[in-house]
Structure formats: structure tokens, C-alpha cells
Amino acid sequence: MIDPPVKILGVETSCDETAAAVVANGTEILSNVVSSQVALHRPYGGVVPELASRSHLALIDSVIAQALSNAQTSLGEINAVAATFGPGLAASLLIGLNAAKGIALAAGKPFIAINHVEAHLYSPLLANAALDGLPMVSLIVSGGHTILAYATAVGTHEILGQTVDDAAGEAFDKVAKLVGLGYPGGPEIQQRAEKGDPAAIDFPRSMLNDGTYNFSFSGLKTSVLYLLKKNPKHSVDDVCASFQEAVVDVLVGKTIRAAEDRRVKTVSASGGVSVNHRFRDKLGQECTKRGLRLLLVPAAMCTDNAAMIAGLAYYQLSRVGSSDYSLEIAPSIGLGARSAS
Ligand code: KG4
Ligand code: ZN
């Protein structure tokens with residue numbers, strides 16, 4: 001075991017953000033550098049894997065150097081190096097994982113491979129330095145994932161439910177395309193929704209009362225498509241507001257029910273969609289009504305970042321140890337999978 005303070009360099013390249021961060025003792029964020037590729041992929045309306053990996057390769061060295069410099073530290077003072085090993089785009093994961101393994105090996109530091117979804121799951125605890133928030137019910141809601149989990153300790157969790165088709169963020173992105181808005185769709189829909197009527201269209205709340213903790217968003221997307229086919233001139237503001245309200249109702253409804261069923265005192269949410277203002281407000285109201293503590297993540301840490309990777313790595317290192325330098329990427333792993341050797 002390393003004596004505190006333990007400074008970990010984290011690296012994240014699972015999708016379209018090239019990110020590096022230095023975090024001390026799991027919760028003290030000394031630096032958090034994110035180079036977003038959104039502008040690069042915007043003309044294509046989604047992430048182009050080949051462009052993503054090339055861009056990671058071009059940027060990874062400077063992003064890591066910037067993270068060390070912003071933290072006013074050097075590789076010599078870093079105690080371990082962590083990186084995302086999955087899930088994500090294979091060619092993107094390879095860049096960050098190999099950079100981190102190479103640095104760790106060359107500097108003789110432990111290497112820790114982190115599950116990206118698990119990092120999202122614990123990010124509300126780490127960002128708020130609120131380890132006393134356990135046990136908690138946590139919603140991970142991003143462009144790739146919609147998962148409701150129950151966690152009793154950092155690294156000990158159970159999946160209660162997940163999407164059976166599209167992730168919530170994917171639904172935002174696809175509906176934005178349908179109504180002629182840009183990529184990524186979530187922020188654009190949110191902006192238009194502010195001017196619209198959330199009760200204008202009664203979109204379906206799929207699976208809301210089906211007794212499971214699973215989600216489905218593809219039917220909602222199809223409802224938007226049919227509505228626009230029937231009436232192409234429908235107010236975009238109203239469609240956005242009503243669509244957003246339907247997604248938020250289901251996300252909040254299921255999360256609150258899980259919290260009540262599991263009798264937890266803490267609820268948390270993370271991932272890109274949890275930036276959504278209507279989602280944050282509604283979840284906040286429902287938690288307040290029931291005396292539940294709500295842990296959200298600052299917007300900069302909701303979307304992909306390396307602070308959550310370095311933060312979780314601290315706990316993983318102390319609980320299960322470091323990972324083998326020969327560890328490979330795992331693009332399709334689920335939330336349960338961990339890497340430690
Ligand atoms: O966590 P993230 O950066 O990447 C993944 O791991 O997927 O999440 C990106 C997703 C995109 O689908 C984007 O449209 C959505 O998060 N998003 C939002 C908002 N900001 C980003 N969705 C709804 N409202 C927002 N304000
Ligand atoms: Zn993510």
C-alpha cells in the first residue's frame with residue numbers, strides 16, 4: 001500500500017473526449033483536462049470511430065502533459081497511472097490504454113485499468129467527496145448507457161435495470177436529428193424545450209409502470225417520427241419540450257421507485273444526460289419530497305472525463321490492487337467487469 005497522499009494520473013479515451021486528470025486520495029481533483037472532439041464529429045451527426053482514434057493519437061501526449069502541469073506535479077511524483085480499458089470504441093480505447101501502460105511501465109508505477117461505466121457510477125460520490133452517501137441508488141444516463149444500479153460500497157454494486165434498446169442520450173441525439181437540430185442533440189433539445197410546452201404532446205412513458213427497472217426509448221423516438229410525418233409543421237419547441245418531459249418522467253420515476261424499494265437515503269445521477277436542467281430539477285424535487293439526499297455531478301464531470309477514472313482508481317488500488325501491464329482493451333464489457341489481476 002502506498003502512503004498518502006496518493007496522486008493518480010488518469011487517462012480516458014473511450015469515445016470522443018481525449019482526457020487526462022490528476023486526483024489525490026480519490027476525491028481531490030488537482031487537474032481535469034478534457035479535449036472534446038464534438039466539433040470534429042458534428043458534420044457527420046455522430047462519432048466517426050476512425051476520426052476519433054486518430055484525434056486521440058494526435059492529442060494524447062499534450063493532454064497528459066497539460067494535466068500534469070495544471071496539477072503542478074510531474075510523473076516522478078505520481079504514484080500510479082490509470083486508464084479506461086472498456087467499454088467503448090476499440091480503436092479509441094487502445095490509444096489511452098497503451099499511453100497509460102507505457103507511461104506506467106517506463107516510470108515503474110502501478111497501472112490500474114478502470115471500467116468506464118463503473119467510473120460514471122461512483123463519480124457523484126467522488127465529485128462531492130461524499131463517501132458517506134452509500135448505500136445509494138444511482139442512475140447512469142449517457143449517450144451509450146442507461147443503467148440503474150444499487151451500490152453498497154465503492155466497487156460493490158448490483159444492476160437493477162437498464163435500457164432494452166436505445167440509451168436515453170441516444171434518443172436525444174436521434175430525435176434532435178428528426179426535428180432538424182444539430183449534434184449532440186441533448187443540449188440543443190434542452191434549449192428549444194425551454195421555449196416549448198411540455199404538455200403539448202402526450203408522448204408515451206414506455207415501461208414506466210411495468211414493475212421492472214428497465215427502460216425503453218425507441219418507441220418514444222418512433223412516436224416523434226410519426227407525429228412529424230403527420231404534421232411536419234409541428235412546433236419544434238413543443239416537440240422538444242414534450243419529448244424531454246417524457247424521457248425525464250421515466251428516468252426520474254424509475255430512479256425514485258428503486259430508491260424507495262431499496263430503502264436507501266441517497267440517490268445519485270451521472271453521465272451526459274444528467275446535465276439536463278429539467279432532469280436535475282425534477283429529480284431534485286422528487287428527492288426533496290421524500291427526504292432523500294441527491295448527489296449530482298458538476299456539468300464538466302457528467303460527460304466523459306479522466307477525473308472519474310483517477311478517482312475510482314484510488315479505491316480500486318486499495319481494495320483489489322493494480323492491474324497487469326499486459327491487460328488488453330475490453331470494448332464490450334458490462335458494469336460488473338473489473339480488470340485487476
Ligand atoms: O456521458 P457522455 O458524454 O458520453 C457517453 O459516455 O455516452 O454523454 C453524451 C450524451 C449525448 O447523447 C448528449 O446528447 C447527452 O449526453 N447530453 C444531454 C445534455 N447534454 C449532453 N442530454 C440531454 N440534455 C442535456 N443538456
Ligand atoms: Zn461515458
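The values are calculated or read from the model by the stated rules, or taken from the named source; none is laboratory data. All of these numbers come straight from a predicted model, not from anything done at the bench. FYI the Cβ positions are ideal-geometry reconstructions off the backbone, even for glycines, and counts take in every protein chain you see. What goes into the accessible areas is simple: the full protein's heavy atoms, side chains included, and nothing from ligands, DNA or RNA. Shrake-Rupley method; radii C 1.70, N 1.55, O 1.52, S 1.80 Å.
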ask   = Is there a residue being out of contact with any helix residue (DSSP H, G or I) (no Cβ under 6 Å at 6 or more places or on another chain) and within 10 Å of ligand 1 (Cβ to nearest atom) anywhere in the range 282-303?
value = no
request  = Please go through the range 168-202 and pick out each residue that is crowded, with 22+ Cβ neighbours inside 10 Å and closer than 18 Å to Lys282 by Cβ.
outcome  = Ala168, Gly169, Ala171, Phe172, Gly186, Ile189, Ala193
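Can you tell me which residues in the range 207-218 are open to solvent by less than 30 Å² (accessible area, probe 1.4 Å) and without any contact (Cβ under 8 Å) to a residue 60 or more places away in the chain? Spell out the reasoning first.
First, pick out the residues of the range 207-218 that are open to solvent by less than 30 Å² (accessible area, probe 1.4 Å): 215-217.
Matches in the range 207-218: Ser216 only.
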query = Of all strands (runs of 3 or more DSSP E) completely enclosed by the range 1-62, which ones contain at least 1 residues that are open to solvent by 10 Å² or more (accessible area, probe 1.4 Å) and under 20 Å from Ser323 (Cβ atoms)?
reply = 7-12
key: Residue under evaluation Val141, criteria (1) touching a His at 6+ places or on another chain (Cβ under 7 Å); (2) within 14 Å of ligand 2 (Cβ to nearest atom), criterion not met   = (1)
query = Hey, does the range 262-269 have a residue that's surrounded by fewer than 18 Cβ atoms within 10 Å (Cβ to Cβ) and within 16 Å of ligand 2 (Cβ to nearest atom)?
reply = no
ask   = Is it the case that some residue within the range 75-88 is under 23 Å from the mean Cα position of the chain (by Cα) and open to solvent by 60 Å² or more (accessible area, probe 1.4 Å)?
value = no
Asp281 assigned to a loop (DSSP other than H, G, I, E, B), open to solvent by 30 Å² or more (accessible area, probe 1.4 Å) and not basic (Lys, Arg) = no
request  = Those residues that are over 11 Å from the mean Cα position of the chain (by Cα) and either of a type in the set (Lys, Arg) or open to solvent by 30 Å² or more (accessible area, probe 1.4 Å) (or both), I need them from the range 301-319; list them, please.
outcome  = Tyr314, Tyr315, Ser318, Arg319
message = Which count do you get for residues in the range 131-168 that are in a loop (DSSP other than H, G, I, E, B) and either out of contact with any helix residue (DSSP H, G or I) (no Cβ under 9 Å at 6 or more places or on another chain) or within 15 Å of ligand 1 (Cβ to nearest atom) (or both)?
response = 7
message = Pull out all pairs, ordered by first then second residue, where Cβ-Cβ is under 9 Å, the residues are six or more apart or on different chains, the first lies in the range 1-13 and is in contact (Cβ under 8 Å) with a residue 12 or more places away in the chain, and the second is among the basic types (Lys, Arg) and not in a strand (DSSP E or B).
response = Leu9/Lys109
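Taking the options Leu296, Leu292, name whichever one is away from ligand 2 (no atom under 15 Å from the Cβ) and either more than 26 Å from Val33 (Cα to Cα) or of a type in the set (Asp, Glu) (or both).
Sole residue among the options that is away from ligand 2 (no atom under 15 Å from the Cβ) and either more than 26 Å from Val33 (Cα to Cα) or of a type in the set (Asp, Glu) (or both): Leu292.
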Of all residues in the range 225-237 being surrounded by fewer than 16 Cβ atoms within 10 Å (Cβ to Cβ), over 30 Å from the mean Cα position of the chain (by Cα) and not basic (Lys, Arg), the one that is nearest to Leu181 (Cα to Cα) = Pro232
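Listed here are the residues, each with its yes/no results for (1) surrounded by fewer than 17 Cβ atoms within 10 Å (Cβ to Cβ); (2) at pLDDT 95 or above; (3) among the small types (Gly, Ala, Ser).
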| position | (1), (2), (3) |
| --- | --- |
| Thr222 | yes, yes, no |
| Val239 | no, yes, no |
| Ala246 | no, yes, yes |
| Ala259 | no, yes, yes |
key: Neighbours by Cβ (under 7 Å, 6+ apart or cross-chain): first from the range 123-151, at pLDDT 95 or above; second open to solvent by 50 Å² or more (accessible area, probe 1.4 Å) and among the β-branched types (Val, Ile, Thr)   = Leu134/Thr152; Pro135/Thr152; Ile147/Ile159; Ala149/Ile159
ask   = Is it fair to say Ile112 is within 16 Å of ligand 2 (Cβ to nearest atom) and part of a strand (DSSP E or B)?
value = no
query = What do you reckon, is Ala129 open to solvent by 40 Å² or more (accessible area, probe 1.4 Å), out of contact with any strand residue (DSSP E or B) (no Cβ under 6 Å at 6 or more places or on another chain) and not charged (D, E, K, R)?
reply = yes
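Residues Ser326, Ser322, Ser318, Ser332: which one is polar (S, T, N, Q) and either over 20 Å from Leu105 (Cα atoms) or within 16 Å of ligand 2 (Cβ to nearest atom) (or both)? Even if it seems obvious, please write down each step before you answer.
Working: Ser326 fails: either over 20 Å from Leu105 (Cα atoms) or within 16 Å of ligand 2 (Cβ to nearest atom) (or both); Ser322 fails: either over 20 Å from Leu105 (Cα atoms) or within 16 Å of ligand 2 (Cβ to nearest atom) (or both); Ser318 fails: either over 20 Å from Leu105 (Cα atoms) or within 16 Å of ligand 2 (Cβ to nearest atom) (or both).
So the residue among Ser326, Ser322, Ser318, Ser332 that is polar (S, T, N, Q) and either over 20 Å from Leu105 (Cα atoms) or within 16 Å of ligand 2 (Cβ to nearest atom) (or both) is Ser332.
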query = Mind checking which residues of the range 71-118 are among the polar types (S, T, N, Q) and away from ligand 1 (no atom under 15 Å from the Cβ)?
reply = Gln72, Thr73, Ser74, Asn79, Asn98
